[in-house]
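Structure, as C-alpha cells:
Quick note: the coordinates plus some simple rules give every number you see, no bench work behind them. These figures come from a predicted structure and were not determined experimentally. No Cβ is skipped: glycine too gets one built from the backbone with ideal geometry, and neighbour counts run over all protein chains shown.
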Amino acid sequence: MRKQIAAANWKMNLTLQQGEQLLNDILALTHEIKENQQAVFAVPFPYLQMAQQKLGNKQQVFIAAQNVYNKKSGAYTGEVSVDMLQSLGIKTVVLGHSERREYFNETNQFLAEKVNICLENNITPIFCCGEALNIREANSQNVFVGQQLAESLFHLSAEQIKKIVIAYEPIWAIGTGKTATSEQAQEMHAFIRSVFAAKYGNEVANTISILYGGSVKGNNAKELFAQPDVDGGLVGGASLNAQEFVAIINALK
Ligand code: PGA
C-alpha cells in the first residue's frame, strides 16, 4: 500500500514556545501511527532543531522544512541549503507551495532545480501543485496541473520520481474554509496519477503518494482520505490545533 501521510504545514505561525507546546499536546494525544502511515511536521526553519529533538526518534514521524534553496552553498544571504537541513537530520522538504509560487515568484523551472538538489542529497520533496479559481472556472485545471508536473518533474528517472510525494492543493481551497469535495479531490488525484502512469507506467504511478491540501479539518479528513487516490493531506490551519491534527492523523487509511 502507498504511504498514507498527514503533513502539517505551520507556515509562518507560532512562536518557538507555542510550537513546542503544540508538539507536546500532539504527543500527549497521538496513538500509534501504523506502519504504512507517516506524520510530517513542516515547521519554520528556526524550530527545526527543537522539533527534531522532540519527535525525531519517533517511528513514522518526520520533521520537514517548508522550503530550501537550489544552490549548495555560497553568497545567498538569508537562504537555507540542503546541507544545512541534512546536518540537522531533516530529510523532507515542502517545495513549490502556492504561497511561494505567488509571493516569491517560484517558477516550474526554478522548482525543477530545487527538486534536483533535494534528490541528489537524499531529501524527499513534498511537491505542491494546484490551480487558482479562475483556472478551475475555465475548466483548465488538468492542463494547468499537468504542466506544473511536466515542467518540474518529468526530467526525473522512474527511480527518482518514486521518491517524490505530491500535494495537490487547489488555491481556491487554501485557508478559505472551502474544501474541494471528495469527488473533486479524487478526480484530480486520479488525473495526476494518470499523468505519471502515461510517463512512467502504472507500476511507478501506483507507488506515488498524492496528498490533498486545502481546508482539511478533523471533520472532513476521513471522507477525503477514503478516496482511492487520496493518500493523506497537507494541512495548514487545522495543523495548528493539536486535537484537529491528531484527528486528521487518525483519519488516515
Ligand atoms: P489550509 O492550508 O489547510 O489552511 O487550507 C493548506 C496548505 O496551504 O498547505
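Contact list please: Cβ distance under 9 Å, first residue in the range 74-100 and more than 24 Å from Q38 (Cα to Cα), second residue of a type in the set (V, I, T) and away from the ligand (no atom under 16 Å from the Cβ), pairs at least six apart or on different chains. Partner pairs satisfying both residue conditions: E79/V68; V80/V68; S81/V68; S81/I117. Comparison of A190, A205 shows that the only residue that is away from the ligand (no atom under 16 Å from the Cβ) and out of contact with any helix residue (DSSP H, G or I) (no Cβ under 9 Å at 6 or more places or on another chain) is A190. The helices (runs of 4 or more DSSP H) found wholly in the range 30-135 and carrying at least 3 residues that are closer than 28 Å to V230 by Cα occupy 48-55, 98-103, 108-120. Would you mind stating whether F144 is of a type in the set (F, W, Y) and either within 13 Å of the ligand (Cβ to nearest atom) or touching a residue at least 24 places away in the same chain (Cβ under 8 Å) (or both)? Criteria not met by F144. Within the range 230-242, residues that are at negative phi and outside any loop (DSSP other than H, G, I, E, B) reach partners that are among the acidic types (D, E) and within 9 Å of the ligand (Cβ to nearest atom) with beta carbons closer than 9 Å, at six or more positions or on different chains, in the pairs L234/E169. For the range 80-101, filtered to residues that are among the small types (G, A, S) and within 14 Å of the ligand (Cβ to nearest atom), the residue that is farthest from N122 (Cα to Cα) is S98. Report yes if some residue within the range 37-49 is in contact with a Ser or Thr (Cβ under 7 Å, 6 or more places away or on another chain), surrounded by 14 or more Cβ atoms within 10 Å (Cβ to Cβ), of a type in the set (S, T, N, Q) and on the phi < 0 side of the Ramachandran plot; otherwise report no. Within the range 37-49 (the criterion being in contact with a Ser or Thr (Cβ under 7 Å, 6 or more places away or on another chain), surrounded by 14 or more Cβ atoms within 10 Å (Cβ to Cβ), of a type in the set (S, T, N, Q) and on the phi < 0 side of the Ramachandran plot), the answer is no, since none of the residues qualifies. Selection of the range 150-170 for residues being in a helix (DSSP H, G or I) and either surrounded by fewer than 20 Cβ atoms within 10 Å (Cβ to Cβ) or hydroxyl-bearing (S, T, Y) (or both) yields A150, E151, S152, A158, E159, Q160. Based on this model, can you work out whether A198 counts as surrounded by 18 or more Cβ atoms within 10 Å (Cβ to Cβ), within 24 Å of G146 (Cα to Cα) and more than 16 Å from the ligand (Cβ to nearest atom)? The answer is no for A198. Residues in the range 208-220 that are within 11 Å of the ligand (Cβ to nearest atom) and either in contact (Cβ under 8 Å) with a residue 40 or more places away in the chain or of a type in the set (F, W, Y) (or both): L211, Y212, G213, G214, S215, N220.
Each residue in the range 162-176 was checked for being within 10 Å of the ligand (Cβ to nearest atom) and under 18 Å from A6 (Cα atoms), and 6 pass.
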